[in-house]
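*Asks:* The following block contains the structure, expressed as structure tokens.
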Amino acid sequence: MALVVITGGARSGKSRAAQELAAARHRDGQPVTVVVFGSASDSEMTERITRHQADRPTSFALLEAEDSQGWIDSLPAGQLLVVDCLGTCLGRVMLEAWEAAADGTDMADADGLPPQLEALVSTGMGNVVSALLSRIGDTIVVTNEVGSSVVPAYATGRLFRDELGRANRRLIDRAQASYLAIAGRLLDLDSLPRTAPWPED
């Protein structure tokens, strides 16, 4: 199994890079399945989904996940899996955790996080990452690089930022290749040091 992780900010080219890599493998005869988690909740999200669908090769199989975890076991080992993207998967994890912990309170109306939410989200996202790491089959994970700007104003935003950052680190620590997409270019993260050396005199 080979795991490739491509992270980056909005419009950085991370999905395009993943699709090009998957297309190259597909030309060599490997079937490709793309799993997506986004739902057309508003006109802007609908436009994003439509654009991604238009950019994606028609020869790729598409799996529209209906939950955060159940889809993983349905994929044959010989399929190259493209997860696009881990951030929307985490959004699904958070919605499922909210429904379990919030006792009917709408997320938009809540003053803070329900007591069990952080633990539920951490467990749910940890299960997703563990399943991807233990998968028998090649995998490309597209994910978002978050936390470089201001601290989110809402507790749910801070929870999302923290959990995605932890998931990214865990996946990249185990990946065979990892890249940071910046303005359409890819920075090879595996060539960078894991620790900060003291400067030489």
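Please treat every number below as a calculation from the coordinates, not as lab data. Quantities reported herein were computed from a predicted structural model and do not represent experimental measurements. When we count neighbours, we look across all protein chains shown, and the Cβ atoms used for this are built from the backbone with ideal geometry, even at glycine.
*Asks:* Show me 123-132, 71-80 ranked by packing, highest mean number of other Cβ atoms within 10 Å first.
*Replies:* Per-residue Cβ counts within 10 Å, averaged per peptide and sorted highest first, yield 123-132, 71-80.
*Asks:* Continuing with the same structure: Extending each Cα 7 Å along its Cβ direction at R11 and R158, get the distance between those two points in nm, one decimal.
*Replies:* Here the answer is 3.0 nm between the modelled labels.
*Asks:* Take each of the peptides 17-30, 180-193, average the number of other beta-carbon atoms within 10 Å over its residues, and list them starting from the highest.
*Replies:* Ranked by mean Cβ neighbours within 10 Å, highest first: 17-30, 180-193.
*Asks:* Nearest-5 percent of antiparallel DSSP beta bridges in the chain?
*Replies:* 15
*Asks:* Also, quick follow-up: By how many nm would the segment from S149 to D106 grow when fully extended, if each residue of separation counts as 0.36 nm and the alpha-carbon distance is taken off?
*Replies:* Computed gain between S149 and D106 is 12.8 nm.
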